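See structure below.
What follows is calculated from the coordinates using simple rules that are stated; it is not laboratory data. Source: prediction; values computed, not measured. Here the Cβ is made from the backbone with ideal geometry for all residues, glycine too, and neighbour counts use every protein chain on show.
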Amino acid sequence: MWGGTALLVAGRLWGSACTFVALYLLARRLEPGGFGRYTFYLALFALLDALVDMGTGAVAVQRTADDESAIRGVLATARRIRLATGLLGLGLVGGGALLFGEPGAPWVLLASLYPLSHALELSATVFKNRIAWGLPVAIRALASTLSLAFVLLLLRCDAGEPALYLVGVAAGSASANFLLHAAARRHLAAVRVAAPVPWRELLGAALPLGLAGLCQQAYFYVDNLFVRAIEGEEPLGHYNVGVRVMSYAIMVAVYASMAALPWFAREHAAGRLGPAVARLARPLFALAGLGAGLCFPWTRELLGLFGPGFEQAAASLQWLLGAATVVYVGSALLTAVIATGGTRAVLAVAATGLGVNLVGNALLVPRLGIDGAALATFVTEAAVALGALFALHRAGVRNLGGGAPLLWLGGPLMFALGYLVSSPLAGLLE
């Protein structure tokens, strides 16, 4: 599992580097409002990805991890569901851009076609079940490189429309899904053909997870709507660079939890889920706290790399670093809830998080601007972690202390240590 996590993180690091270069160049080339609009659509497409998935990826793993013979029947039905949700997303995003007269709406519509390729991406379930991430990571890294190459080509052609760059990024993402399907075909061919699972049965199992995933993406990105409407597109661009930094910071938590799901499911069946969660989450929480503490005094300098004005988001990035630290606990706990089969509990936790985030943004953004949006994110992640802990308690999962409950204090203690080490250095350079 740790090997799979390392591969996923390595691939994400490469993808993050490609995204960072693209954001850095576009922040300097596009006018501030156009850059803000570009980051707004990146956030919207993250929501679109969650809509198209609608829980089918996690349910496919749940139903086939211990029964490979069922995989072709499960995937056949899951693909039908993803095609339907993909068409819905195309209408909502692409059609909405045309309806509301968004700048570059035809290009937004074209980019909105790429989530349909997620139907083919389901074939990667064969690699997920084996925790064999080498080939999928290589393909994703290639796709990130292609996305960056398309952005560089458009920059060389002096393209000024932000939505054109969105098309380039979408084309790279779609290529990964096609290549993953091609790579998985020989593994799928070795499994006997099974009758498709009834779509109502699969959708019924996937829908709570799908809605939960959609809520998770929504509470991560819905602040874009508040910031764009209240503060404008230029502050939104500044804020979204900080959000992107946060997304890089949580990637180990996300991918460790993804890789751990089959392991958690087996440990739950053996009655050892609580200690398994502690083994995964506690060291990662401590590491995240240390990293956040080291970076905390340097947020102005980090954001200043993107150009004048971006340092205005320094305080919001500090709140987002705190939120990222909390994610390392919440992500592991929520994955453990999935492993127990408590899909409705996952939905309840995610919906609560979305509710907290909406209320927080509505109250804080008008008063504090982008800092209020970041504070709402921190409070939301704390609420999600507490909700997941409560759900595990109700499911009968015990011994989350793993025999040493005080080790859970590693996150805040390492944050304090990192800050104490880093802060004097930042002060010397001022």
Listed with the fewest Cβ neighbours within 10 Å leading, Asp53, Asp371, Asp223 appear as Asp371, Asp53, Asp223
Contact order normalised by residue count of segment 1-207, Cα under 8 Å, 6+ apart, percent:
33 percent
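Hey, what does the equivalent ellipsoid look like for segment 222-424, semi-axes from the Cα gyration tensor as sqrt of 5 times each eigenvalue, largest first, whole Å?
Working: eigenvalues 197, 82, 31 Å².
So the equivalent ellipsoid measures 31, 20, 12 Å along its semi-axes.
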If each residue of separation counts as 0.36 nm, what is the full-extension length gain between Asn399 and Val21 once their alpha-carbon separation is subtracted?
131.7 nm
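Among 256-268, 25-37, how do they line up from the highest to the lowest mean number of other beta-carbon atoms within 10 Å?
Numbers: 256-268: 21.3, 25-37: 19.0.
Per-residue mean Cβ counts within 10 Å order the peptides as 256-268, 25-37.
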Could you work out how far the C-alpha centroid of segment 206-273 sits from that of segment 277-351, in angstrom?
9 Å
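What FRET efficiency comes out for the pair Glu201/Leu99, r = Cβ-Cβ distance, R0 = 45 Å, nearest 0.05? Write out the running numbers ahead of the final one.
On the way: r = 35 Å, r/R0 = 0.78.
The pair Glu201/Leu99 has a calculated efficiency of 0.80.
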Can you give the extra length, in nm with one decimal, that the chain gains between Arg185 and Glu31 once fully stretched, where that is 0.36 nm per residue apart less the Cα-Cα distance?
51.0 nm
Could you tell me the calculated FRET efficiency between Leu92 and Arg279, based on Cβ-Cβ distance and R0 = 35 angstrom, to the nearest 0.05?
0.30
Rounded if a/c is under 1.5, else prolate if a/b is larger than b/c, else oblate: which is the chain, with a ≥ b ≥ c the root eigenvalues of its Cα gyration tensor?
oblate
Cα gyration tensor shape for segment 348-430, rounded if a/c is under 1.5, else prolate or oblate
oblate
Using Cα-Cα distances under 8 Å and only pairs 6 or more residues apart, what relative contact order does the chain have, in percent?
21 percent
With contacts defined as alpha carbon pairs under 8 Å and 6 or more residues apart, what's the relative contact order of segment 222-424 in percent?
35 percent
Please give the length that would be gained between Ser423 and Arg344 if that part of the chain were fully extended, namely 0.36 nm times their separation in residues minus their C-alpha to C-alpha distance (nm, one decimal).
24.1 nm
Once you have a ≥ b ≥ c as the square roots of the Cα gyration tensor eigenvalues for segment 1-207, tell me rounded if a/c is under 1.5, and otherwise prolate or oblate according to whether a/b is larger than b/c.
oblate
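Order these peptides, 226-236, 111-121, by their mean beta-carbon neighbour count within 10 angstrom, highest first.
Working: 226-236: 19.4, 111-121: 23.2.
Ranking, from highest mean packing down: 111-121, 226-236.
Quick check: net charge around Ala170, other residues with Cβ under 15 Å of its Cβ, Lys/Arg +1 and Asp/Glu -1?
Numbers: positive: Arg140; negative: Asp49, Glu121, Glu161.
Summing Lys and Arg as +1 and Asp and Glu as -1 gives -2.
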When ranked by the protection proxy of mean other Cβ atoms within 10 Å per residue, highest first, what sequence do the peptides 308-316, 381-389 form?
381-389, 308-316
